[in-house]
Amino acid sequence: MSEVYQENPNETVSSSTNLFVLDGPLNGKVYLIGTAHFSLESQREVKNLIQNVKPNRVVLELCQARSGILNLDEETIIKDAKDMNYSKLRKLIKETSIAHGLLQYLMVNLYAKVTEELGIAPGGEFRVANNEAKKLDGCSVILGDMPIKLTLNRGFNSLPWYRKLRLAWCLLTTDTNLTKEDIEELKKHDMLETLVKEFGDTFPEFKRVLIDERDMYLAHSLKQACQPIPNDFVSGGFSPACVVGVVGLGHCKGIKENWSNNTDISYLFPENRKIIIS
C-alpha cells in the first residue's frame, strides 16, 4: 500500500493540520486524524471529518478493555479517583499485573486532576467518533488498538527483574501534582504517551512496546479496515473502502512509517496467527 502524506488536505474534508491521508486498495482512502484526549478542538475536527467523508468504517485507538471510555463522563472519572485506595490497588494488581495495576492507579489520579481542572473527561474524540458513525447507514466502528493487558505485560516482561522493581517504584512514586504547563501539554498530547516519554530514556524497552509495537498493531488494524467492500452491483464485485482512523497524535508518525512495510506482527497476537502487514 502506498502513502499519500498531506499536512493540509482539501479544506472541504477537514481544516485540521493533524490529518493524514493514506491510500488503500482500489483507490480506497484512510483518513488518519491525530488527536489530543483532552481537547475540544480535536472533538470538533473528528466530528467534521466524519460528517464530510462519510466513512464505511471508523477505527478507534481503543481495545475492548478500554471501550468503557465511550461511556465516560466527568463525574465518573472523579468518583473513580476518590474511590481508588491501596486495597483496590492490590486487588487490581492481583487481577492483572503489577505494571497494569500501578499504571492504571497513576492514570486514574492524573485523569481526575486534569478533568477537574478542565471540566472535560478524556477520550471525548472517541465518543464523538462513535456517535457520528452511528448516524451513518452501514458504518461500523472498529476497536483497533492492541489489548491493554497484552501491551503492559509485554512491556513489563521485557525488563529484567531488577528493572521491573525500578519501574514499579517509579510508577508508584510519580508526582501527580500538575502545573499549568503540564495541563497545557496534556491538552495537546496523549497522557499515556507523555508518561512514556518521561520514562522512555530510562526504560526504552517499555517505550518500544507501549508506542512502537502499538503503532504496528494500529497500522495493521487500519489496513484490515480499508480492505475493499463486497458489492454485487459493480464490476469486479468490490468497492473501495473509506476509513477514518482516530488515534492519539503521537501514533500518526509510526502508523505512516509502517503503512508500506511488510512486517510480521504475528508475535503481537495471543493466538500466534501468521499476520503480515502488506
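The values are calculated or read from the model by the stated rules, or taken from the named source; none is laboratory data. Remember, predicted model here, so these are calculated numbers, not experimental data. Counting neighbours? That spans all protein chains shown, and the Cβs are built from the backbone with ideal geometry, glycine included. Only protein heavy atoms, including side chains, enter the accessible area calculation; ligands, DNA and RNA are left aside. Shrake-Rupley method; radii C 1.70, N 1.55, O 1.52, S 1.80 Å.
Got a sec? Which of LEU143, LEU172, LEU150 is touching a residue at least 12 places away in the same chain (Cβ under 8 Å), on the phi < 0 side of the Ramachandran plot and open to solvent by less than 50 Å² (accessible area, probe 1.4 Å)? None of the other options fit; the residue is LEU150. For the stretch 14-33, the set of residues classified as free of Cβ contacts under 8 Å to residues at least 60 places away in the same chain and touching a strand residue (DSSP E or B) at 6+ places or on another chain (Cβ under 8 Å) consists of SER14, SER16, LEU19, VAL21, ASP23, listed by residue number.
A single member of SER239, SER235 is surrounded by fewer than 18 Cβ atoms within 10 Å (Cβ to Cβ) and modelled with pLDDT under 90, and it is SER235. Would you call ARG127 within 26 Å of LEU32 (Cα to Cα), modelled with pLDDT of 80 or more and either in a helix (DSSP H, G or I) or open to solvent by 50 Å² or more (accessible area, probe 1.4 Å) (or both)? When the stated conditions are applied, ARG127 passes them. Scanning the stretch 22-36 for residues that are open to solvent by 10 Å² or more (accessible area, probe 1.4 Å) and within 17 Å of the chain's Cα centre (by Cα) turns up just one, TYR31. Restricting attention to the stretch 155-169, the residues that are open to solvent by less than 70 Å² (accessible area, probe 1.4 Å) and without any contact (Cβ under 8 Å) to a residue 60 or more places away in the chain add up to 6. In the set (1) open to solvent by less than 50 Å² (accessible area, probe 1.4 Å); (2) of a type outside the set (Ser, Thr, Tyr); (3) without any contact (Cβ under 8 Å) to a residue 40 or more places away in the chain, ARG90 fails one condition alone, (1).
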